[in-house]
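Step one of this worksheet: look at the structure below.
The values are calculated or read from the model by the stated rules, or taken from the named source; none is laboratory data. Treat the numbers as computed from the prediction; the structure is a model and nothing was measured. When we count neighbours, we look across all protein chains shown, and the Cβ atoms used for this are built from the backbone with ideal geometry, even at glycine.
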Amino acid sequence: GPHGVFAAADLGATSGRVMLGRVGSGRLGLTELHRFPNTPVPLPDGLRWDVLGLFGGILEGLRAAARSGGVDSVGVDSWAVDYGLLDADGALLGSPYHYRDRRTEGVAEAVRDRLGAAELYRVTGLQHLPFNTVFQLASAAGTAQLGAARTLLMIPDLMVHWLTGTVGAEETNASTTGLFDTRSGAWSEELAARLGLDPGLLPALRSPGDPAGGLLPRVAEFTGLPAGTPVTAVASHDTASAVVAVPATAPGAAYVSCGTWSLAGLELDAPVLTEESRAAGFTNERGIDGTVRYLRNIMGLWLLEECRRTWTARGVPAGLDGLLADAARAEPFASVVDPDAPEFLAPGDMPERIRAHCRRTGQPVPGSPGAVVRCVLESLALAHRRTLRRAGELAGREVRRIHLVGGGARNELLCRMTADAAGLPVVAGPVEATALGNVLVQARAAGLVGDLASMRALVARTQPLRHYVPQNDPAARAAWDAAAARVEPSPRNP
Ligand code: LFR
């Protein structure tokens, strides 16, 4: 039968990868072509992404794709929120800032208060995160860089621009900026104007599946793929691509896209823009086909990754398997934290911050790495439980099953704890949900797969999944309930 081969470039906060997806006649296969580290660079005036290095990694991956026999199209996704600015000649103005840079501290609150938190939520439906694009731009007000900027491109759109020469703004990612009107599905020129931003900075929107040009001759020369090879707009916000590949085939599904962040929530047909939802810190980001990703950001495995980085720098053994084995043996529920406490956002000494948090909240201070990791995982499992229950209440949906996708699906301890904490079955996998979603949207544009339900059915049939059943022993349940009652979540949208 007809089939296609697609390259998915997926940039994550710690690594990028180019995957080769093969789709056709009931099959969906994914192989890795190239993986490369993504190491943020602390410049004197702030933390930056090495976007040239990332583009180089994508080119290297496409070169491998050419060697493997070529592709029908290419798609790019990455984390959200961050952007590059182009000047009137189309040159990139400096290196894009990392969303964990501290320069928006204080500015975000001031802008939110000036524009009105309730009004902002009514228009954009976004949770207040201090690093939302709109607050980063407000921090740049009056700079020569912003003054010289003519075009704003989100990170995946910037990569697509360098591959094809075209300029566009893919809508799932545009919906995370704080400048996108969730009701109309268009940029909010009014918000831009109220912030003193030239609405001309914002390129025309593209929907997932739209053509985004062809590879430039220079890219073709470097990679060995033919010039003009199609590039397709995918759900370029990585979380939106991951949600496409959630293998949900029945009602009652919630998801946790679990990697550096845990994005926990529901897919809805319409945004929830109530005051209650705003106060609870839920966001309404765009999915494909007019769906809404109703979710909340949970700090996620960043806490563990950053602990490991700290330990490694000090020569403390921090292999993941060893740490997880130690955590499995550590004392349960010794101390639990709110993973979303603002002090955990920026890079730094995470084990010490966790200890300080425990000290401040009057709990035992975890000593060994195993005890710290136990605290992190139990705290994340509790946050998954809390968030999905609240999402269900606010959206009026019953949650019966949790799909945990992304790198976290490999973490058996976290999957089991999430099932036990929530008292719900967890279906773990696929690990590479984001790359699969990227591939599927390209395959659909090529006419090889149908609607969202059939894409998900294809993922469910072809990808390895693990099932975790919650313990129904009353003592175990009571222990999770008691632990849940100990966490005082910090307000997100005060
Ligand atoms: C996950 C993610 C989240 C977004 C955060 C910052 O990779 O895209 O959805 O809130 O990164 O961009």
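Miscellaneous remarks
- Residues of the range 191-229 that turn out to be over 20 Å from Ser68 (Cα atoms) and of a type in the set (S, T, N, Q), as a count: 1
- As for the range 79-95, it holds at least one residue that is at pLDDT 95 or above, charged (D, E, K, R) and either under 30 Å from Phe344 (Cβ atoms) or surrounded by 15 or more Cβ atoms within 10 Å (Cβ to Cβ) (or both).
- Candidates Glu305, Glu276, Glu285: the one that is assigned to a helix (DSSP H, G or I), within 13 Å of the ligand (Cβ to nearest atom) and at pLDDT 95 or above is Glu305.
Here is a yes/no grid of residues against (1) touching a residue at least 24 places away in the same chain (Cβ under 8 Å); (2) more than 23 Å from Arg293 (Cα to Cα); (3) in contact with a Leu (Cβ under 9 Å, 6 or more places away or on another chain):
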residue	(1), (2), (3)
Glu171	yes, no, yes
Asp181	yes, no, yes
Ala204	yes, no, no
Ser207	yes, no, no
Pro211	yes, yes, no
Glu221	no, yes, no
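- Against the test of being touching a Leu at 6+ places or on another chain (Cβ under 9 Å), modelled with pLDDT of 95 or more and of a type in the set (Gly, Ala, Ser), the options Gly125, Gly147 yield a single qualifying residue, Gly125.
- Residues of the range 75-92 satisfying the condition of being among the aliphatic types (A, V, I, L, M), away from the ligand (no atom under 16 Å from the Cβ) and touching a helix residue (DSSP H, G or I) at 6+ places or on another chain (Cβ under 7 Å): Leu85
- Scanning the range 131-154 for residues that are in contact (Cβ under 8 Å) with a residue 24 or more places away in the chain and in a helix (DSSP H, G or I) yields Thr133, Val134, Phe135, Gln136, Leu137, Ala138, Ser139, Gln145, Leu146, Ala148.
- First in the range 3-21 and free of Cβ contacts under 8 Å to residues at least 60 places away in the same chain and over 17 Å from Pro156 (Cβ atoms), second anywhere and away from the ligand (no atom under 16 Å from the Cβ) and in a strand (DSSP E or B), Cβ under 9 Å, 6 or more apart: Leu20/Val5; Leu20/Phe6; Leu20/Ala7; Leu20/Gly29; Leu20/Leu30; Leu20/Thr31; Leu20/Glu32; Leu20/Leu33
- For the range 430-458, filtering for residues that are under 21 Å from the mean Cα position of the chain (by Cα), surrounded by fewer than 24 Cβ atoms within 10 Å (Cβ to Cβ) and either within 22 Å of Leu33 (Cα to Cα) or modelled with pLDDT under 95 (or both) leaves 1.
- Considering the conditions (1) farther than 28 Å from Phe36 by Cβ; (2) part of a loop (DSSP other than H, G, I, E, B); (3) touching an Asp or Glu at 6+ places or on another chain (Cβ under 9 Å); (4) away from the ligand (no atom under 16 Å from the Cβ), His128 is excluded by exactly one of them, (4).
- Output for the range 77-115, where each listed residue is outside any strand (DSSP E or B), under 18 Å from the mean Cα position of the chain (by Cα) and not acidic (Asp, Glu): Trp79, Ala80, Val81, Pro96, His98, Tyr99, Arg100
- Candidate set: the range 155-189, residues that are touching an Asp or Glu at 6+ places or on another chain (Cβ under 8 Å) and farther than 19 Å from Ala240 by Cα; chosen: the one surrounded by the fewest Cβ atoms within 10 Å (Cβ to Cβ): Val167
- Applying the criterion of at least 3 residues that are more than 16 Å from the ligand (Cβ to nearest atom) and farther than 26 Å from Leu52 by Cβ to the helices (runs of 4 or more DSSP H) found wholly in the range 177-270 leaves 189-194.
- Residues satisfying the stated conditions in the range 282-302, i.e. over 12 Å from the mean Cα position of the chain (by Cα), crowded, with 22+ Cβ neighbours inside 10 Å and not hydrophobic (A, V, I, L, M, F, W, C): Thr283, Asn284, Arg286, Gly287, Tyr294
- For the range 434-444, the set of residues classified as within 12 Å of Ala235 (Cα to Cα) and small (Gly, Ala, Ser) consists of Ala435, Gly437, listed by residue number.
- Criterion: of a type in the set (Val, Ile, Thr), closer than 23 Å to Tyr121 by Cα and modelled with pLDDT of 95 or more - qualifying residue of Thr229, Thr164, Thr223, Thr172: Thr172
- Matching residues, the range 1-34, being buried (at least 24 other Cβ atoms within 10 Å of the Cβ) and within 14 Å of the ligand (Cβ to nearest atom): Asp10, Leu11, Gly16
- Residue match in the range 370-390 (condition: at negative phi, in a loop (DSSP other than H, G, I, E, B), in contact with a helix residue (DSSP H, G or I) (Cβ under 6 Å, 6 or more places away or on another chain) and not charged (D, E, K, R)): no
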